[in-house]
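The structure under discussion appears below in the form of structure tokens.
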Amino acid sequence: MFRPFLIDPTRGAQAPRVQLPGVDLLRFLAVIAVVYSHISFYLIDDLGTGWWGIDLVYKVFVDGVGLNQHLSFVGVSAFMMLTGMLITRSAIRQDRRKFLIARAARLVPAFWVSILLAVVLVRLGINGMFSGQTGVTNGEAALSFFLGAFFLKPQVAVLGVAWTLAVQIAFYLYCVSGRSLLRTAPLVVPVLGAVACMLVLIYNLYVPEPYTVPFLSRIAATMPTVFLGQIVYLGWAGLISPRGVILALFAQVNVIVLATDTQVYWAGTRYLWTITVVFACVVLLSRYDGRLARLRVVHWTATRSYAIYLVHTLVMYRAYENTVGLVGTTGAIVCLLIACALAAEVLYRCVELPAARRISTRWLAPKSPVVVEQAATGTRA
């Protein structure tokens with residue numbers, strides 16, 4: 001059925017390398033979008049105040065370009081697309097065991113430390129919950145280490161941003177289970193993934209309580225952005241034809257439209273356009289090899305992007321409220337950015353990098369630590 005859309009099924013096992021020198025720049029921009037989004041939500045929605053930077057972003061990107069308010073989902077969708085684009089080749093080439101261990105080495109240690117820190121901060125009364133609860137029980141805290149608390153009703157979140165890890169893990173497991181298809185009929189993987197996402201959305205829409213699982217809808221609504229990145233790699237690597245690329249893209253668009261129509265997304269109805277703009281930027285910039293992509297600040301931010309993502313909401317709000325009275329709004333935002341950078345540097349140097357090296361040395365082949373380093377910098381797919 002899909003033969004006209006395939007180029008050479010035997011090439012899938014080879015998974016050609018695609019040079020992506022602009023990935024660091026994309027990660028840098030995604031970090032800025034994520035941090036800005038939480039600053040904007042905090043100042044506008046929580047405090048009811050404002051800032052000249054938010055006014056400027058709104059005028060240019062929200063009112064002008066038409067992106068989501070607060071740039072909601074801009075950074076998340078960019079990170080998800082990069083995941084699909086960078087991980088697909090590893091999913092094809094590595095055996096299942098090595099693939100999953102490599103992913104766990106990169107993600108789990110820093111995540112567990114961040115969850116522990118989040119629980120401690122809540123218990124000490126320094127931070128609040130990222131969901132409606134006033135505290136977290138021992139059982140909810142234990143579930144949080146395995147993302148289980150997101151599946152509770154009502155949802156329990158000690159570290160709100162960690163929900164995206166559920167999307168990444170779902171993608172990893174899907175790639176592992178469909179590795180044979182990735183190697184022989186790669187077009188089938190994103191298309192079937194879109195069908196599965198639509199079925200999840202329809203299930204939660206029509207099945208009555210208490211049998212629904214709302215968090216699965218959020219995963220299903222986000223997965224198309226990961227598949228978009230996967231489609232980019234498969235197209236550039238010559239593993240699917242241009243017609244196959246169009247078919248796979250069309251399947252993801254249908255999921256996004258369904259998620260928008262059923263109000264699964266949480267910040268308006270501009271998600272298809274927002275994701276389209278982000279997708280265009282990823283395609284255009286991922287192969288950019290100019291001076292901006294090699295700036296030190298870009299490289300530093302890119303290599304610490306995961307750590308920044310995990311810890312920024314744990315420190316930014318307290319940093320802001322403890323400095324705004326002394327240095328004003330702009331000064332407080334500078335202070336919170338410095339606090340986030342310092343916290344991320346500690347997590348990266350003391351947990352993320354050494355843990356990934358140690359796990360890869362213990363459980364993977366001798367060359368795997370180099371692979372881990374490349375994944376951290378995101379220089380190639």
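The values are calculated or read from the model by the stated rules, or taken from the named source; none is laboratory data. These figures come from a predicted structure and were not determined experimentally. Note: ideal-geometry Cβ built from the backbone for every residue, glycine included; neighbour counts use all protein chains shown.
Could you say whether any residue in the range 68-80 is more than 24 Å from ASP45 (Cβ to Cβ) and either at pLDDT 95 or above or among the hydrophobic types (A, V, I, L, M, F, W, C) (or both)? Scanning the range 68-80, I find no residue that is more than 24 Å from ASP45 (Cβ to Cβ) and either at pLDDT 95 or above or among the hydrophobic types (A, V, I, L, M, F, W, C) (or both), so the answer is no. Of all residues in the range 294-311, those satisfying the criterion of being farther than 18 Å from GLY125 by Cα, in contact with a helix residue (DSSP H, G or I) (Cβ under 7 Å, 6 or more places away or on another chain) and either at pLDDT below 95 or not small (Gly, Ala, Ser) (or both) are VAL298, HIS299, THR301, THR303, ARG304, TYR306, ILE308, TYR309, LEU310. Taking the range 317-368 as the range and being surrounded by 14 or more Cβ atoms within 10 Å (Cβ to Cβ) and charged (D, E, K, R) as the test, the residues that pass are ARG318, GLU345, GLU352, ARG357. Note on the range 17-58: among residues that are in contact (Cβ under 8 Å) with a residue 40 or more places away in the chain and of a type in the set (Ser, Thr, Tyr), the one that is surrounded by the most Cβ atoms within 10 Å (Cβ to Cβ) is TYR42.
With a requirement of 3 or more residues that are more than 30 Å from ARG93 (Cβ to Cβ), out of contact with any Lys or Arg (no Cβ under 6 Å at 6 or more places or on another chain) and of a type in the set (A, V, I, L, M), the helices (runs of 4 or more DSSP H) lying completely within the range 128-222 that satisfy it span 138-144, 188-206. If only residues of the range 227-261 that are over 22 Å from TYR174 (Cβ atoms) and surrounded by 15 or more Cβ atoms within 10 Å (Cβ to Cβ) are counted, the one that is farthest from the chain's Cα centre (by Cα) is SER241. Scanning the range 262-276 for residues that are in a helix (DSSP H, G or I) and surrounded by 19 or more Cβ atoms within 10 Å (Cβ to Cβ) returns TYR271, THR274, ILE275. Consider the range 285-309 and keep the residues that are surrounded by 17 or more Cβ atoms within 10 Å (Cβ to Cβ), of a type in the set (Gly, Ala, Ser) and farther than 22 Å from LEU336 by Cβ. The one that is farthest from the chain's Cα centre (by Cα) is ALA293.
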